[in-house]
Amino acid sequence: MLKSLVLGLMAAGMCCGAAQAAEPLPKRSKPSVKAKLARQLPPVAAVQSAEPQLALSAEHLAVAQRVVLGSVPCELGAHVVVSAHQTVPGRFVLEHGRQKFHMAPVLTSTGAIRLEDAASGAVWLQLANKSMLMDQKQGRRLADACMNAEQVVVADAMARSPAPNLLEPLPSAVIAKPADPQSGLVQTATN
């Protein structure tokens with residue numbers, strides 16, 4: 001019964017379809033390669049800070065004086081270019097690959113130099129032995145082990161004479177005892 005119903009509907013559709021002119025389906029345009037790439041890649045434009053640029057305090061300007069400028073090579077063949085902002089003193093433009101960040105100094109309790117771009121979440125940390133670029137929003141490092149000439153010297157010195165391990169006991173020290181009243185000699189003892 002079901003077969004006969006289907007066959008009947010098909011026959012009715014064929015006869016009615018033959019009487020009507022078949023309408024062509026509208027053609028879909030394929031997206032261009034350029035449109036596909038635009039969806040996949042982030043925009044090349046510089047990340048602009050949404051916050052108004054306030055005047056920096058004397059402490060912030062003192063931190064800005066210690067920032068090392070120029071191209072800094074990093075691990076895995078990456079490099080970061082740090083340059084002073086052309087119109088705003090104490091602020092910096094940091095370029096990493098196709099990204100450009102507008103950074104301002106941030107005060108730290110450790111003495112490390114920290115530059116931040118609040119709009120993008122980018123942070124540039126400059127330590128004595130290396131620098132790194134981090135993305136706070138995504139929680140990852142964008143560039144690590146970036147070292148200028150001064151930082152290479154400090155890193156080599158740290159590798160040659162590492163800091164003592166806090167978990168190991170101190171070497172035994174020589175303790176001087178007071179002089180023997182009879183002989184006048186100073187006695188030493190080891191712990």
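The values are calculated or read from the model by the stated rules, or taken from the named source; none is laboratory data. Owing to the predicted nature of the structure, the values given are computational and were not obtained by experimental measurement. Cβ placement follows ideal geometry from the backbone for every residue including glycine, while neighbour counts extend to all protein chains displayed.
Selection of segment 56-66 for residues being under 15 Å from Val88 (Cα atoms), in a loop (DSSP other than H, G, I, E, B) and out of contact with any Gly (no Cβ under 6 Å at 6 or more places or on another chain) yields only Ser57.
Per-residue answers, yes or no, for (1) out of contact with any helix residue (DSSP H, G or I) (no Cβ under 6 Å at 6 or more places or on another chain); (2) in contact (Cβ under 8 Å) with a residue 60 or more places away in the chain; (3) of a type in the set (D, E, K, R):
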{"site": "Asn129", "(1), (2), (3)": "no, no, no"}
{"site": "Met132", "(1), (2), (3)": "yes, no, no"}
{"site": "Asp135", "(1), (2), (3)": "yes, no, yes"}
{"site": "Gly139", "(1), (2), (3)": "yes, no, no"}
{"site": "Asn165", "(1), (2), (3)": "yes, no, no"}
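Looking only at residues in segment 79-93 that are of a type in the set (A, V, I, L, M) and under 16 Å from the mean Cα position of the chain (by Cα), the one that is surrounded by the fewest Cβ atoms within 10 Å (Cβ to Cβ) is Val81. Counting only residues that are of a type in the set (A, V, I, L, M, F, W, C) and surrounded by fewer than 17 Cβ atoms within 10 Å (Cβ to Cβ), which one in segment 94-124 is farthest from the chain's Cα centre (by Cα)? My answer is Leu107. Please give the number of the condition Gly90 fails out of (1) in contact with a Leu (Cβ under 6 Å, 6 or more places away or on another chain); (2) modelled with pLDDT of 90 or more. The one condition Gly90 does not meet is (2).
In the set (1) of a type in the set (Asp, Glu); (2) over 23 Å from Cys74 (Cβ atoms); (3) surrounded by 13 or more Cβ atoms within 10 Å (Cβ to Cβ), the condition left unmet by Glu168 is number (3).
Would you mind stating whether Gln151 is assigned to a loop (DSSP other than H, G, I, E, B) and either within 28 Å of Gly77 (Cβ to Cβ) or touching a Phe, Trp or Tyr at 6+ places or on another chain (Cβ under 8 Å) (or both)? It is false that Gln151 is assigned to a loop (DSSP other than H, G, I, E, B) and either within 28 Å of Gly77 (Cβ to Cβ) or touching a Phe, Trp or Tyr at 6+ places or on another chain (Cβ under 8 Å) (or both). The strands (runs of 3 or more DSSP E) located wholly in segment 98-140 that include 3 or more residues which are within 23 Å of Thr87 (Cβ to Cβ) and modelled with pLDDT of 90 or more occupy 99-106, 113-117, 122-126.
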